[in-house]
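One structure below.
The values are calculated or read from the model by the stated rules, or taken from the named source; none is laboratory data. Worth saying up front: this structure is predicted, and the values here are computed from it rather than measured. Virtual Cβ from ideal backbone geometry, glycine too; neighbours counted across all protein chains shown. Side chains are part of the model used for accessible areas, which takes the heavy atoms of the whole protein and leaves out ligands, DNA and RNA. Shrake-Rupley method; radii C 1.70, N 1.55, O 1.52, S 1.80 Å.
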Amino acid sequence: MVKLSIIGAGSFFTEKLVIDILNIEGLDDGEIALVDVDAKRLEMARKLTERAVQLMGKRFKVTASVNRREVISGSRFVINQIEVAGLRTVRNEFEIPLKYGVKQCIGDTMGPGGLFKILRTVPAWLDILKDIEELCPEALILNYTNPMSAVTLSTVKAANIPVVGLCHSIQHTSRQLADYLEVPYEELKWRAGGINHMSWFVELSRDGRDLYPELKERAEKPEFLAKDPVRLDFMKYGGAFVSESSGHFSEYLPYYRKRQELIDRHCGERYLGETGFYANNWPEWRRKSDEAIFNKVEGKEEMSLTSSHEYAAVIIEAILKHEPKVIYGNVLNRSLIENLPTDGIVEVACLVDRNGVQPAVFGR
């Protein structure tokens with residue numbers, strides 16, 4: 001029987017991660033321990049998880065506690081997806097920089113908003129990490145919490161426990177590119193590497209034919225450029241397509257946001273670069289997510305039992321069943337990307353089997 005813990009189980013990600021794990025063929029019983037500091041959200045997560053277990057005919061035990069020390073002991077996998085004081089701070093993290101002319105779209109990884117989130121997230125995570133070291137030192141940590149590189153790096157430096165940072169931008173962007181190029185995803189060959197939210201698709205091909213010339217040609221058309229304005233614009237000059245949305249990416253290359261005229265020229269609505277998009281919408285997203293979870297628990301809304309494209313369950317299955325899989329993970333740069341700092345975190349392809357997560361050398 002395998003035991004896994006989800007820290008920050010009140011997150012809307014819990015539903016898809018739990019269903020992914022329950023969809024692992026042959027993994028019929030075990031224990032899922034849920035932890036959250038918000039007792040109300042934790043209770044909803046518990047009910048949702050128990051309902052998923054019931055619907056899928058599995059025999060998993062579900063435990064939950066606001067005190068992580070009561071439930072995480074003996075965990076083989078620990079999923080971290082905490083959000084520290086988000087609702088209380090997201091507005092300030094947007095509006096304070098705005099007073100000084102910094103117009104953020106997302107603001108949770110780079111720039112002042114990213115720094116604020118590091119300062120409120122990492123201390124809380126380091127306290128959790130101490131308990132993991134004590135109570136489940138054999139665990140593998142699967143980190144979903146942003147800022148991804150900062151949280152993963154703090155884990156590497158503070159504890160002797162294996163960790164991999166997991167994002168969904170590589171999976172999502174590779175499918176976007178197949179759609180942009182009108183190529184079946186299974187036939188698209190690609191290779192990517194870099195740092196989280198700034199991984200670069202250095203190869204795009206189909207049947208040995210380089211697809212970048214076609215993508216660049218399409219990007220010359222205004223209606224196509226408008227689909228992903230910042231990423232497609234930079235691709236013309238940088239030569240490669242980046243893994244994160246135009247909104248995020250516009251913050252990572254501040255040229256695109258340094259004046260309102262540039263924001264108007266290069267950015268679009270919502271995730272395409274809209275100023276204040278995250279701060280203005282996150283509270284409503286949270287409300288709608290809570291409402292949807294409640295409806296699923298009460299049986300008023302159907303729960304999808306289809307697996308997502310997240311990597312957590314892929315890793316768990318590969319390790320437990322010794323079936324090699326390839327994922328993209330954020331790991332310490334032990335000369336994996338040779339012209340990036342060796343004391344930082346990089347996002348590269350990784351082989352996973354019973355030996356754990358084994359990063360592949362990317363090169364320059």
Could you please give the count of residues in segment 116-167 that are open to solvent by less than 10 Å² (accessible area, probe 1.4 Å), among the β-branched types (Val, Ile, Thr) and either part of a strand (DSSP E or B) or within 30 Å of residue 102 (Cβ to Cβ) (or both)?
-> 7
For residues that are more than 16 Å from the chain's Cα centre (by Cα), open to solvent by 50 Å² or more (accessible area, probe 1.4 Å) and hydrophobic (A, V, I, L, M, F, W, C), scanning just segment 97-115, find the one that is farthest from residue 249 (Cα to Cα).
-> 98
Index of the failed condition, residue 265 passing every other in (1) out of contact with any helix residue (DSSP H, G or I) (no Cβ under 8 Å at 6 or more places or on another chain); (2) over 30 Å from residue 100 (Cα atoms); (3) open to solvent by 20 Å² or more (accessible area, probe 1.4 Å); (4) not in a strand (DSSP E or B) = (2)
Here are some conditions: (1) more than 30 Å from residue 226 (Cβ to Cβ); (2) without any contact (Cβ under 8 Å) to a residue 60 or more places away in the chain. Residue 249 meets all but one. Which one does it not meet?
-> (1)
List, please: which pairs have Cβ atoms under 8 Å, are six or more places apart or on different chains, and start with a residue in segment 309-329 that is in contact (Cβ under 8 Å) with a residue 24 or more places away in the chain and end with one that is open to solvent by less than 10 Å² (accessible area, probe 1.4 Å) and of a type in the set (Ser, Thr, Tyr)?
-> 328/199
Scan segment 1-17 residue by residue and report those that are of a type in the set (A, V, I, L, M, F, W, C), open to solvent by less than 30 Å² (accessible area, probe 1.4 Å) and not in a strand (DSSP E or B).
-> 9, 17
Positions within segment 330-364 being closer than 18 Å to residue 77 by Cβ and in contact with a helix residue (DSSP H, G or I) (Cβ under 8 Å, 6 or more places away or on another chain), in sequence order | 330, 331, 352, 353, 354, 356, 357
Can you tell which of 48, 55 is open to solvent by less than 60 Å² (accessible area, probe 1.4 Å) and at negative phi?
-> 48
Taking segment 201-219 and the residues there that are open to solvent by less than 60 Å² (accessible area, probe 1.4 Å) and not charged (D, E, K, R), the one that is nearest to residue 328 (Cα to Cα) would be 201
Matching residues, segment 307-358, being among the acidic types (Asp, Glu) and open to solvent by less than 10 Å² (accessible area, probe 1.4 Å) = 347
Is there any pair with a first residue in segment 68-90 that is within 22 Å of residue 18 (Cβ to Cβ) and a second that is of a type in the set (Ser, Thr, Tyr) and assigned to a loop (DSSP other than H, G, I, E, B) whose Cβ atoms are under 7 Å apart and which are 6 or more apart or on different chains, and what are they?
-> 79/144; 80/144; 80/145; 81/11; 81/144; 81/145; 82/145; 83/11
Does any residue of segment 238-245 turn out to be in a helix (DSSP H, G or I), polar (S, T, N, Q) and either open to solvent by less than 10 Å² (accessible area, probe 1.4 Å) or touching an Asp or Glu at 6+ places or on another chain (Cβ under 6 Å) (or both)?
-> no
Working only within segment 18-42, note down all residues that are at pLDDT 95 or above, in a helix (DSSP H, G or I) and surrounded by fewer than 24 Cβ atoms within 10 Å (Cβ to Cβ).
-> 19, 20, 22, 39, 42
